[in-house]
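Here's the structure we're looking at; comments come further down.
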Amino acid sequence: MINVLYRYTSYLFFLYVFIISFPAYGQDQAETLINDEMCYACHQLDSASIGPSWQAIAARHAERRDQVMQVLAGKIIRGGGGNWGVVPMVPNQRVSDEQALLMMQWILEQAPR
Amino acid sequence: MQGFKQSPPFTGMLWKMLLTPRVSPAFAGLALLAGISFSQITNAGSIAGQVLDANGNALSGIQVIYTREPGAKGASVVTVFSAVDGSYSFPETFAERINNDSNIIARGLGYQQIDRLVDTDRRSAQLTFVMQSVTNQVDVAPASAWLGRIEDRQEKADFVMNCIDCHQVPASEVRDYARAIDDVHAAQPELARRQSWDSIVKYMNFLSAWEFSRGGRAEGAEIDAQAVYAVENSAEVIDVLTTYFNDRMDHIEGYDRGAPLIATSDTAIWEYEVPEPNAIREAVMLGDPAMLLAADVNANRIVGIDVRTGRQQNFEVPTDYLIAPHSLHRSSNGELWVTPLFNDRVAKLNPQSGEWQTWRLKTSTGGGVGIHDLSFSSEHELLSDAEGRVWFSDIGNRAVGFFDPVNGETRIWNTPVAESRANDSALYGTASVYGLVMTSDRKEVWYSQLGNGVFGGFNIDTEEFIGPFVLPDPNTGPRRITISGDDIMYLALYGTGQIAEFDIKKREMIAIHDLPDIGAAPYSVTWDSVRQVVWVATANADVIYRFDPATRAFGVLPLPREQSFLRMIDIDPASGVLVSSYANIVENVNGPRMALIIEPGDGAYPVRFSMENASAPTPAE
């Protein structure tokens, strides 16, 4: 039983549990950013995690894509909640306005076809 | 990478004079010779003034903090303290002009700046600060202050050990999240709070799994989120968060650092920011001209910062794999020993020549090691044994061991299991060997075990362990340790907010001392052989404590910013300044990433350190 995960010194022993091999991300800038900013800690492509899936976000905002783009990009940076449940998103303050827009454009293209 | 070149004596002198803003007659002459006009050089600002309360009474112990423009020559931020009569002055003049727009503020726990009067002429600036006392200390109170809410010490220790490894909880960004939870106005606030903190714990487990696999993760490898979320002991942490961080966390009163201020009007702090991206860990000062050397665990480099000019250069570790520089050890001959984020590599840098030497350790039986520290002496320098072998703590194998820098021979010995902590497999799993010191006769090394509250010694000649010694609480969290010239060992007890004082010769605990703020998590302790005191670096209290074993009294030195997650403190043998760093781990976390120099201003060394006399030990050529 892995009991005391937080104590980082234990990671040496448990690394194997957490690391899955993943093909390198595509060269797409937005995807790289989303990977680097560790959005995957809380979001997945097609299933709800701590936050909603990219697909669900894209589907939900599909109709008003252009209107919400800026607002949602701002929300990536500042965080906040109330749209999907009671858990607020953390702020991602290192993300710049341009980066947030890039990511947002990509996310909103992920609606399941 | 190019290191600083040693200059011949005369040009060296010339440099020193050119760097000296004060105008000596000799300098004026030189300046004329060099055809530099006088006014260009004297266009420098000195800053002095007074700190007053709203009634015009002098306020002492208030920080005056000058945050300079990016690229300014020297430190990014310089801080001094007001004296008993409210006066303060900066130890050096600045090349830039000081005016109304200069970012200079006054800061004190329980105070708020309400006015600033600026009076400048060509060469100097007089700034008077007016402060008002406030009951809400939210702007200055450190993260540790909020841990006062957790009264049960065991519960607190457990929480500290779980959540404060990498950054401060609850720093302002954590408190902002508490407010965001409240802002959602959920129908069932209690449930919403629990769910939200639960998400944060999962998120943090993801980030730390990512962080601590830095030194061992394959290119392109990813963290398995679901596996990380499934970790067992989250429940108790979520309980603490939900119980104690259950409001908007925007009001705190009555926090006291618990010890007399030791800052004087001669105290000064120089902070150097390292531009992003960086993952700064520890820092020491070496070389002439003095250079701060900071480990960047992410980029396989040591960042060199020229103390006087602020100019930064990289010393790339010449390995084709990431050694992930983590801990730094100064050697008495001015070299820098670098240990990794827990893999099997050791590197040594000569900062003067920029030359590196690296080792990859493998035990005689072909086993791998996970290095944390090399053994420190009472001078806080690397001390090798009589045969020149370098001893290390092996976090991966719960072992101590040595390697021979000449032929690479490596051996380790697994530490004995402390019986009373052996039944709990989780505790044993985290019984990683962490800090390491060597006795003055170079015959024993002593180690701490962070995860299970145990420490012990090892006799190098007989190859036998001494102990183990068990600290009262399994969450005591002994981190970095230090040793005095008389072989008294001090242990920073991270979880319980204490320091332990242990007599190695007698194999006997002298005492365990509560820190003045028991919410403070001491990351390290450093014996100061000249001042005969122990410096205690806190990770979450934004202060350094000073402990005097003779009187058993603590004093406190506040740092000029929040989230100053300190790591090691080194003491520059030439000037007696303290050298340290702020290292908030994982890029997603806010807070400073800086190296800093502190002149305690206690007159313990003959010369008060300043930018004008900054130099440090130089390796022999």
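The values are calculated or read from the model by the stated rules, or taken from the named source; none is laboratory data. What you see is a predicted model, and the numbers here were worked out from it, not measured in a lab. In this analysis, Cβ positions are derived from the backbone assuming ideal geometry, glycine residues included, and neighbour counts consider all displayed protein chains. Calculation scope for accessible area: heavy atoms of the full protein, side chains included, ligands and nucleic acids excluded. Shrake-Rupley method; radii C 1.70, N 1.55, O 1.52, S 1.80 Å.
Just so you know, in region B:279-305 the residues that are open to solvent by 10 Å² or more (accessible area, probe 1.4 Å) and of a type outside the set (Gly, Ala, Ser) include one that is farthest from residue A:94 (Cα to Cα), and it is B:288.
Among the conditions (1) at pLDDT 95 or above; (2) part of a loop (DSSP other than H, G, I, E, B); (3) open to solvent by less than 50 Å² (accessible area, probe 1.4 Å), the only one that residue A:58 does not satisfy is (2). The C-beta contact set for region B:166-194 (first residue at the interface with another protein chain (Cβ under 10 Å from one of its Cβ atoms), second residue of a type in the set (Ser, Thr, Tyr), distance under 7 angstrom, 6+ apart or interchain) comprises B:166/B:208; B:181/B:196; B:193/B:242; B:194/B:242. Of all residues in region B:537-579, those satisfying the criterion of being under 22 Å from residue B:511 (Cα atoms), touching a strand residue (DSSP E or B) at 6+ places or on another chain (Cβ under 8 Å) and open to solvent by 10 Å² or more (accessible area, probe 1.4 Å) are B:546, B:548, B:549, B:552, B:553, B:554. Filtering region B:339-379 to residues that are among the aromatic types (Phe, Trp, Tyr), more than 14 Å from chain A (Cβ to nearest Cβ) and within 23 Å of residue B:450 (Cα to Cα) leaves only B:376. Filtered by the rule that a residue be among the polar types (S, T, N, Q) and either in contact with an Asp or Glu (Cβ under 7 Å, 6 or more places away or on another chain) or over 16 Å from residue B:450 (Cβ atoms) (or both), region B:146-164 gives a lone residue, B:154. Only one of the numbered conditions (1) open to solvent by less than 10 Å² (accessible area, probe 1.4 Å); (2) modelled with pLDDT under 95 is violated by residue B:423, and that is (1). Look at residue B:128 and say whether it is among the polar types (S, T, N, Q), in a strand (DSSP E or B) and within 29 Å of residue B:306 (Cα to Cα). No. If the condition is being surrounded by 14 or more Cβ atoms within 10 Å (Cβ to Cβ) and of a type outside the set (Lys, Arg), then region A:94-113 contributes A:95, A:99, A:100, A:101, A:102, A:103, A:104, A:106, A:107, A:108, A:110, A:111. Do we find that residue A:79 is within 14 Å of chain B (Cβ to nearest Cβ), over 30 Å from residue B:430 (Cβ atoms) and at pLDDT 80 or above in this structure? Answer is yes for this residue. Close contacts from region B:582-610, counting a first residue that is without any contact (Cβ under 8 Å) to a residue 60 or more places away in the chain and a second that is surrounded by fewer than 23 Cβ atoms within 10 Å (Cβ to Cβ), with Cβ to Cβ under 8 Å and a gap of 6+ residues or different chains, come to B:607/B:575; B:607/B:613. Determine whether region B:230-247 contains at least one residue that is free of Cβ contacts under 8 Å to residues at least 12 places away in the same chain, part of a loop (DSSP other than H, G, I, E, B) and small (Gly, Ala, Ser). Among the residues of region B:230-247, at least one is free of Cβ contacts under 8 Å to residues at least 12 places away in the same chain, part of a loop (DSSP other than H, G, I, E, B) and small (Gly, Ala, Ser), which makes the answer yes.
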